[in-house]
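Written out below as structure tokens is the structure these notes cover.
The values are calculated or read from the model by the stated rules, or taken from the named source; none is laboratory data. These numbers come from a predicted model, not from an experiment. All Cβ positions, even for glycine, are placed from backbone atoms using ideal geometry, and neighbour counts span all protein chains on display.
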Amino acid sequence: MNNYQVNEKGYYGDFGGAYIPEMMYPNIEELRLRYLEIINENSFKKEFEQLLKDYVGRPSPLYLAKRLSDKYGANIFLKREDLNHTGAHKINNTIGQILLAKRLGKRRIIAETGAGQHGVATATVCALMGMECVVYMGEIDIERQAPNVARMKMMGAEVRPARSGSKTLKDATNEAMRDWINNPVDTHYIIGSVVGPHPYPDMVARFQSVISAETRKQLLEKTGKETPDYALACVGGGSNAIGMFYHFLEDENVQLIAAEAAGKGVDSGHSAATSVLGKEGVLHGSRTILMQTDDGQVIEPYSISAGLDYPGIGPQHAFLHKIGRTKYVSITDEEAMQAGLLLTRLEGIIPAIESAHALAQLEKMSFAREDVVVVCLSGRGDKDLDNYMKYFNF
Ligand SMILES: *Cc1c(COP(=O)(O)O)cnc(C)c1O
């Protein structure tokens, strides 16, 4: 049996680890030593499951999309993370991390956010738990993402602008790390995807793995078999994809497909297709694959969907890519937008543009009629309406 999970040193093959400034060592070490013990406690599991059920609205439905299935000639199921409270899968992780933070005795939460989705999910759980919340966000992103900034403020979070560099996500991440170094005792840093130094990728994967745990049960009920032929998800940092793949990794007959954003085209110079364009290196504290120049400068990624606009992928994805367990595909803006419109017209579901990247891959595959396909619908498209309207000239 292959081992696809992190080893005791924090690596997935060559990838992972904790490449952090010396000053951050105590924070990461506390987390590394305690996270497994805490999240495996019965009282933790009970509180986590209760909140996922009554607050988030889980289990999220596994919906057989009939008209989409007819179009592609297979049995296509959508895992409806879009129906979660706050509209995406990100809340699964923030609930898990805030419960962990409480048990570590923290009273203050920090996070970084790009499009604001992770910031909103973090501000939400801070309101829920009565914790102080500071969200770092690039000054340019604050302008571009006004509705999410408003949501965070309404929840009581402080949104602090990052004014250095390109004034976007990576600058916000730097500010958040600086804050954490200066507040090692009372503060927990909630990272929003399966990225960052060990143990974050493994910890976030465990919280998101509820997606595939539920899917197995739901498939058994609906098809008589726990495993699908294909599981698809989009990849920014990779948390909804790892959540969707987690409990299928060892079922080698399940084909795992991860859709990255090719933006205006893989070779256009405006994309976020990390697995095609990326090289091995260190990003946000772990060894992974990232888009970089020959002299190691991180390349600014581009995608029409803000959530996929990330220059790397989490270390577990880098590993799954390298050993070939998961296939990584590239989807352009145009392909994703068309797939988003198609789902809306066939099923009455407006997907997040991120999720539409996974849907667009269906168009490129050929199926047998009895094939069972699960697509992770990571989020809803309400936040993207302006983008859709402009794109299609509605
Ligand atoms: C943030 C986001 C993503 C990308 O993040 P992952 O960590 O790759 O899952 C995908 N879909 C939606 C709806 C998002 O909000």
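Can you name every residue in segment 89-110 that is of a type in the set (V, I, T) and in contact (Cβ under 8 Å) with a residue 40 or more places away in the chain?
T94, I95, I98, I109, I110
Could you tell me whether segment 149-167 includes any residue that is hydroxyl-bearing (S, T, Y) and within 16 Å of the ligand (Cβ to nearest atom)?
no
Identify all residues within segment 56-104 that are within 28 Å of I28 (Cβ to Cβ), crowded, with 24+ Cβ neighbours inside 10 Å and among the hydroxyl-bearing types (S, T, Y); write none if there are none.
Matches in segment 56-104: T94 only.
Does R107 fit the bill of being of a type in the set (K, R), farther than 16 Å from I191 by Cβ and surrounded by 17 or more Cβ atoms within 10 Å (Cβ to Cβ)?
no
Out of L342, L362, L346, I need the residue that is over 19 Å from S275 (Cα atoms), under 21 Å from the mean Cα position of the chain (by Cα) and more than 13 Å from the ligand (Cβ to nearest atom). Which one?
Unique residue meeting the criteria: L362.
Cβ-Cβ below 7 Å, separation at least six or inter-chain, first residue in segment 205-230 and more than 16 Å from the ligand (Cβ to nearest atom), second part of a helix (DSSP H, G or I) and not hydrophobic (A, V, I, L, M, F, W, C): which pairs?
Pairs found: A213/H247; R216/H247; E226/R216.
Does any residue of segment 271-279 turn out to be modelled with pLDDT of 95 or more, of a type outside the set (V, I, T), in a helix (DSSP H, G or I) and over 16 Å from the mean Cα position of the chain (by Cα)?
no
Only one of (1) surrounded by fewer than 21 Cβ atoms within 10 Å (Cβ to Cβ); (2) touching a His at 6+ places or on another chain (Cβ under 9 Å) fails for T293. Which number is that?
(2)
How many of the residues in segment 117-138 are buried (at least 16 other Cβ atoms within 10 Å of the Cβ) and touching a strand residue (DSSP E or B) at 6+ places or on another chain (Cβ under 7 Å)?
Adding up the residues that qualify gives 13.
Across segment 176-201, which residue is farthest from the ligand (Cβ to nearest atom) among those that are at pLDDT 95 or above and in contact with a Pro (Cβ under 6 Å, 6 or more places away or on another chain)?
Only one residue tops the list, namely P201.
Hey, any hits in segment 309-316 for a residue that's surrounded by fewer than 21 Cβ atoms within 10 Å (Cβ to Cβ), within 16 Å of the ligand (Cβ to nearest atom), part of a helix (DSSP H, G or I) and not basic (K, R)?
No, segment 309-316 contains no residue that is surrounded by fewer than 21 Cβ atoms within 10 Å (Cβ to Cβ), within 16 Å of the ligand (Cβ to nearest atom), part of a helix (DSSP H, G or I) and not basic (K, R).
Is segment 65-78 home to any residue that is within 19 Å of the chain's Cα centre (by Cα), under 27 Å from Q145 (Cα atoms) and within 16 Å of the ligand (Cβ to nearest atom)?
No, there is no match, as no residue in segment 65-78 is within 19 Å of the chain's Cα centre (by Cα), under 27 Å from Q145 (Cα atoms) and within 16 Å of the ligand (Cβ to nearest atom).
Checking the structure you have, find out if any residue of segment 350-359 is assigned to a helix (DSSP H, G or I), more than 13 Å from the ligand (Cβ to nearest atom) and out of contact with any Pro (no Cβ under 7 Å at 6 or more places or on another chain).
no
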